[in-house]
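Data block below; observations after.
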Amino acid sequence: MTAVRAGGVMPGEPVLLTDDTAGVRTLTLNRPRRKNAIDHELWLTLADALRHSATDRSVRAVVITGAGGAFCSGADISAPDNSHPVYRMRELTDVALLLHELPVPTVAKVRGVAVGAGWNLALGCDLVVASPQARFSQIFAQRGLSLDLGGSWLLPKLVGLQQAKRLALLAETIDAAHARELGLVTWVVPDDEIDTYVSDLAARLASGPPIALAQTKALLNAGAGRTLREALAGEAAAQGLNFATADAPEAFAAFAEKREAQFTGRWTVHRPAMRGRDDSENTRGADV
C-alpha cells in the first residue's frame, strides 16, 4: 500500500493510501482521528488520485473506503481555511465530477459513518457495499448548510423526490438495512466478510471488458436525462466501439469453447496496405 501526499491530522501522516492489486485500485481515506473527514489536503489528493486512475490503463476498477472503522464523516468544517467558499466548493465539484465520469466501475466499501459529503462520496460510486454497523446521514441541515458533492442530483435519481426531501430536510441518520431498502446501498455484508466480498466483487469488475463497461457506465449515467431516441443513438454509437475491440469476438469464442473470456480492451484495426510498404507494417491490431 502506497501513501499518497503528506498531510492529515498528524504531521507527515498520509491522508490517502493507494493499493493496486490485479487491476483494482483501492483508495483509502486516511484521517481516522477525524473519522476520515475530508480537509483541503485530502480533497486535492483525492482529486489527483481519481484523475490519475482515469488515465491509467492498468486500473480496471476502483474501490473507495476509509481507515479506522469509518468511511467518511464529511467535509472537515473544523479545519481552518480562509479561502473563499467559491474556491472551496470547486474542490468538491472536481471530486464529484471525476468520480462520476471515471471510465471504470467504482465500489464504495462502507464501515461506520458515511455522512454529509461522505455519504455522497459513497453514492457517487457505481456500487455500495456496507457493513450492518454502517450509518448514513445527509447531515447538512444540522450544520446550517444545504446539500453538496452532488447530493441534490444523486438522491432524487436514486430514491425519488419525496424520499430525497425527507433525508435532506430532516437530516435523519439511517442504518445500513434501511439504506438498502431505499436502494442507497447495493449489498449489506457482515463486517468480518466485507473485505473479502469487496475484493471478489472488484476482481469480477476488473476482469470485465473495459471498453464495454466504460460505455455501459456512461450510457446509464446519461440515460435518465435523455429521450428514448437519444438513448438509442448513444447505444448504437457505443456498440460500434465495442465491436471494434477484440473483446466481443473473444466473448463469443469463450462461450463456444466453454471457458472464461479474457478481456483486454484491445482495439483491432485492419489498415489497408500502402504502396512501397511492407504489408505487415500496415495491417495489424492496434492496442489502445
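The values are calculated or read from the model by the stated rules, or taken from the named source; none is laboratory data. Because the structure is predicted, anything quoted here is derived from the model rather than measured. Cβ sites come from the backbone with ideal geometry, for glycine too, and all protein chains shown count toward neighbours. In case anyone asks, the SASA skips ligands and DNA or RNA and just uses the protein heavy atoms, side chains included. Shrake-Rupley method; radii C 1.70, N 1.55, O 1.52, S 1.80 Å.
Residue 226 fulfils the conditions (1) open to solvent by 50 Å² or more (accessible area, probe 1.4 Å); (2) closer than 24 Å to residue 99 by Cα; (3) modelled with pLDDT of 95 or more except for a single criterion, (3).
For every residue, the table says whether it meets (1) part of a loop (DSSP other than H, G, I, E, B); (2) touching a helix residue (DSSP H, G or I) at 6+ places or on another chain (Cβ under 7 Å).
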position	(1), (2)
129	no, yes
152	no, no
179	no, no
190	yes, no
200	no, no
212	no, yes
217	no, no
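Provide a single number: the residues in the stretch 231-248 that are over 16 Å from residue 214 (Cβ atoms) and either modelled with pLDDT under 90 or not in a helix (DSSP H, G or I) (or both). Of the residues in that region, 2 qualify.
If you scan the stretch 191-211, which residues turn out to be open to solvent by 60 Å² or more (accessible area, probe 1.4 Å) and not aromatic (Phe, Trp, Tyr)?
Within the stretch 191-211, 191, 192, 193, 195, 196, 199, 200, 204, 207 meet the criteria.
Kindly indicate the residue of the stretch 77-105 that is under 18 Å from residue 150 (Cα atoms) and touching a His at 6+ places or on another chain (Cβ under 9 Å) and also surrounded by the most Cβ atoms within 10 Å (Cβ to Cβ) among those meeting that condition. Top of the filtered list is 91. Tell me, yes or no, whether the stretch 131-143 has at least one residue that is surrounded by 24 or more Cβ atoms within 10 Å (Cβ to Cβ) and touching a residue at least 60 places away in the same chain (Cβ under 8 Å). Within the stretch 131-143 (the criterion being surrounded by 24 or more Cβ atoms within 10 Å (Cβ to Cβ) and touching a residue at least 60 places away in the same chain (Cβ under 8 Å)), the answer is yes, since at least one residue qualifies.
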